[in-house]
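Trainee: One structure, as structure tokens, below. Some questions next.
The values are calculated or read from the model by the stated rules, or taken from the named source; none is laboratory data. Being a predicted model, the structure only gives us computed values, none of them experimental. Ideal geometry is used to build each Cβ from the backbone, glycine not excepted, and the neighbour counts take in all protein chains shown. With ligands, DNA and RNA removed, areas are computed over all heavy atoms of the protein, side chains included. Shrake-Rupley method; radii C 1.70, N 1.55, O 1.52, S 1.80 Å.
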Amino acid sequence: MARIHLVNPSTQSFGVAVITPRWLYVLAAATGSQWGDPQIVDETLDQLDFDAIDAGDVVGIGIHTGNALRGYEIGREVRKRGAWVVFGGVHATLFPDEAATHGSAHAVVRGDGDLIWPRVVADCLAGKPLPVYDGGRIDGADFASARWDLLPKGRYMWASVQTVRGCPKHCSFCSVWRTDGQEPRQRSVDRVVREIVELRRLGFRFIALADDNFYPVTFDDLAQARRRSDSTRLHDLEAMRAERFALMARLAELPEDLVFYTQITMEAAEDSEFLEAMKRAKIRGALVGVESVTREGLKDIYKGFNLAGDELVARLRAFRRHGIHVLGSFIFGLPSDTRETFDATVALAEQADLTFAQFVLLTPFPGTVDFEKWSAEENHRRTIIDGVPLTQHWLIPVENRPRLYTAHPTMSLEEIRVGTQHAWDRFYSWRHVWARSRVVASIRARIAFVLISKLYRQMYANTGIATDSARVQRSVRWARWIGMACRRLFLGRPMPNLAVPGDQLQQAH
Ligand code: SF4
């Protein structure tokens, strides 16, 4: 019988991974049981074994811009072996034709796959897939829960659960608000809690709330809605906010050893009631897109709702006051950046008590406002590397791909790359990491903190920014080793009998 395969492509395999790629397990659930359990391959763990694919099998490959090239390589190879090739994910949604040309796709799914996937599989197995399926943006109530029973044991440190899709902001470097939409779609509280209970039963203590923006309604949004004569919008926003609080109240009832982590905008720091609810809900960490420490930098990327200077430090510290550790995300290479920006950014990150930080290079990703402007420029369109136009940079072989794409008014691209590498080196030096590890109490927790800091830096800084392939390979080996050492520190004792809070109460009535 033909089988269904779901593949998360990656050129680097680490043997273990920090976070589960949620989409694999959601589509596995959406597949249903009529064709048997799907075969799941996450190449961040191990490379796909092509010999495991037979003629007539269906292979679903999910791609974002960063792994599209590897995804296309897989598509071509499995099609040669007679399999049905289907692409999905953000990148395939943006460029369905490219998946057919470069990845030999029989079919491409645009938008959310949760509901449409079984139909795509059935069409393939009947030998008549459509070239494109439009999954659209489904309602929060229709988001599928993941098939966690299919997870390989002991290979992921964190599980991932989604509570909301979409983001009302419009940052110029980000495609989320255009692909997932600006109207947040929240999942029902009960389904989120059931999934988390299932994960804790399996032994997961650390769970990423893999949301686009966990704080979808700000004080500012409410104030603007209050000024409207029609109160419908205000009621909608208030209901959305109330649902966030309802979710956090349920999370608060779960076992105390759970640790949640999410992504949030900085505006949440002015909302003490929200931060307190997060704390009670055991949301101990959040990725906050700080992006730039200057007003000019924030203007460059349409992120005027962020703050700069002392106000920024105060805001970021507010998270820590409420027990929420911040992973601050910064972008280098903005037009207003100067040679001083790198050190100033690291200094601010330290002053603001950030627990983790990431320093990324400004990259014009498709689907963003930045990309549209950048790719319209004649000199970018005319630049060809390895036979590929620069405006399709994700198709250039990784070893020859530029690390930066836009000429800077005052710095050379190499200066920006080296400055960025130094920022990682400084923030994650042994001395600094050990000093920051004081945020946790036990020695076991401090060791976990140090290892995860080093792992994070090896996985993301050295493999993403370095141009020297020996350094990249060394980093992969290091990350593999640290990952193996770390993973047990994150898992808890399974709790197979853990009840869903509120269930016994309902049964008693
Ligand atoms: S960067 Fe964050 S806040 Fe800005 S649009 Fe993307 S998800 Fe929303």
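Trainee: If you roll a 1.4 Å probe over the chain with all protein chains in place, what percent of the accessible area is carbon or sulfur? Can you show the working numbers first?
Mentor: Details: 11610 of 21900 Å².
Looking at the chain in its full context, I get 53 percent from C and S.
Trainee: Let me ask something else. If you wrap region 344-401's Cα atoms in a convex hull and average its projection over all directions, what's the area in nm²?
Mentor: The number I arrive at for region 344-401 is 5.9 nm².
Trainee: Sticking with this structure for a sec: Got a sec? Charge dipole of region 282-372, +1 on Cβ for Lys and Arg, -1 for Asp and Glu; which of Pro364, Leu348, Ile283 is way out at the positive end?
Mentor: Of the candidates, Ile283 comes out farthest on the positive side.
Trainee: Under 5 Å between amide hydrogens, which residues at least 5 positions from Trp84 or on another chain qualify, with H placed 1.01 Å from N in the peptide plane?
Mentor: Here the answer is Gly56, Asp57, Val58, Val59, since their amide H atoms fall under 5 Å of that of Trp84.
Trainee: Please list, in chain and number order, the residues 5+ apart from Phe206 or on another chain whose amide H is under 5 Å from its amide H, with Hs placed from the backbone.
Mentor: Distant-sequence amide H within range of Phe206: Ala159, Val259.
Trainee: A further question on this structure: Starting from a Cα-only point model with no solvent, please compute log10 I(q)/I(0) by Debye for the chain at q = 0.05 1/Å.
Mentor: -0.19
Trainee: Something else: In whole Hz and in residue order, list the ³J(HN,Hα) couplings for region 33-45 that follow from phi through the Karplus curve 6.51 cos²θ - 1.76 cosθ + 1.60, θ = phi - 60°; x for Gly and Pro.
Mentor: So the J values, rounded to whole Hz, are 10, 5, 10, x, 5, x, 8, 9, 10, 9, 6, 6, 8.
Trainee: Over 30 Å between C-alpha atoms is what I'm after, so list which of Lys282/Lys303; Lys279/Lys303; Lys80/Lys373; Lys299/Lys454; Lys279/Lys454 land there.
Mentor: Pairs exceeding the cut-off: Lys80/Lys373; Lys299/Lys454.
Trainee: Running Debye on region 1-155 with equal point scatterers at the Cα sites and no solvent, what base-10 log of I(q)/I(0) appears at q = 0.10, 0.14 Å⁻¹?
Mentor: So the normalised log intensities work out to -0.30, -0.61.
Trainee: While we're looking at this one, here's another question. Could you derive backbone 3J(HN,Hα) for region 396-407 from the dihedral phi with the Karplus parameters 6.51, -1.76 and 1.60 (θ = phi - 60°), listing whole Hz in sequence and x where the residue is Gly or Pro?
Mentor: Rounded to whole hertz, the list is 7, x, 3, 5, 9, 6, x, 8, 9, 10, 10, 4.
Trainee: Give me, ordered by chain and number, the residues 5 or more places off Val290 or on other chains with an amide H under 5 Å from its own placed amide H.
Mentor: Ser329
Trainee: For Met248, what accessible area in Å² do you get when you roll a 1.4 Å probe over the heavy atoms of the protein chains, rounding to the nearest 10?
Mentor: In the full protein context, Met248 sits at about 0 Å².
Trainee: Hey, what do the phi angles of region 5-10 turn into as Karplus ³J(HN,Hα) couplings, whole Hz, using 6.51/-1.76/1.60 and θ = phi - 60°, x for Gly and Pro?
Mentor: Calculated HN-Hα couplings, in order: 10, 10, 10, 9, x, 7 Hz.
Trainee: Let me know the shape class of region 77-141, please: from the alpha-carbon gyration tensor, a ≥ b ≥ c as square roots of the eigenvalues, rounded when a/c is under 1.5, otherwise prolate if a/b is greater than b/c, or oblate.
Mentor: Oblate.
Trainee: Per residue, what accessible area does the chain have, given a 1.4 Å probe and all protein chains present, in Å²?
Mentor: For the chain, the solvent-accessible area averages 43 Å² per residue.
Trainee: Please state, rounded to one decimal and in Å, the Kirkwood hydrodynamic radius that region 96-183 gives when every pair of distinct Cα atoms enters the mean of 1/r.
Mentor: One decimal place: 15.6 Å for the Kirkwood radius.
Trainee: In whole Å, what three semi-axes, largest first, describe the equivalent ellipsoid of region 177-301 built from its Cα gyration tensor (square root of 5 times each eigenvalue)? Spell out each step's value before the answer.
Mentor: On the way: eigenvalues 145, 75, 36 Å².
Working from the Cα gyration tensor, I get semi-axes of 27, 19, 13 Å.
Trainee: Could you tell me what percent of the DSSP beta bridges with both partners in region 303-434 are antiparallel, to the nearest 5?
Mentor: Antiparallel: roughly 25 percent of the beta bridges in region 303-434.
Trainee: Could you sort 343-356, 373-386 so that the peptide with the highest average Cβ count within 10 Å comes first and the rest follow in order? Numbers along the way, then the final one.
Mentor: Details: 343-356: 19.1, 373-386: 12.8.
With the highest mean Cβ count within 10 Å placed first, the list reads 343-356, 373-386.
Trainee: Go through 433-446, 282-295 and give me the packing order, highest mean Cβ count within 10 Å leading.
Mentor: Numbers: 433-446: 13.3, 282-295: 21.8.
Peptide ranking by packing, descending: 282-295, 433-446.
Trainee: While we're on this one: Restricting the count to DSSP beta bridges whose residues both fall in the chain, what percent are antiparallel, rounded to a multiple of 5?
Mentor: 10 percent
Trainee: Quick one: divide the alpha-carbon radius of gyration of region 112-232 by 2.2 N^0.38 Å and tell me what you get.
Mentor: In units of the 2.2 N^0.38 Å rule of thumb, it is 1.33.
Trainee: Indicate the gyration tensor shape class of region 213-369 (rounded, prolate or oblate), computed on the Cα atoms with a ≥ b ≥ c the square roots of the eigenvalues: a/c under 1.5 is rounded; otherwise a/b larger than b/c is prolate and the rest oblate.
Mentor: The shape class here is oblate.
Trainee: Return the whole-Å distance between the Cα centroid of region 77-153 and the Cα centroid of region 198-253.
Mentor: What the calculation gives is 29 Å, centre to centre.
Trainee: Just to confirm my understanding: which cysteines in the chain have no other cysteine beta carbon less than 4.7 Å from their beta carbon?
Mentor: Those would be Cys124, Cys167, Cys486, since no other cysteine Cβ in the chain comes under 4.7 Å of theirs.
Trainee: If you wrap region 1-79's Cα atoms in a convex hull and average its projection over all directions, what's the area in nm²?
Mentor: Its Cα hull, projected and averaged over all orientations, spans 5.2 nm².
Trainee: Measuring from the lowest to the highest alpha carbon on each principal axis, how far does region 301-382 reach, largest first, in angstroms?
Mentor: Reported extents, whole Å, longest axis first: 50, 27, 20.
Trainee: I'd like the projected area of region 133-184, averaged over all directions, using the convex hull of its alpha carbons. Report it in nm² with one decimal. Show your work: numbers first, answer last.
Mentor: On the way: hull surface 22.4 nm².
The number I arrive at for region 133-184 is 5.6 nm².
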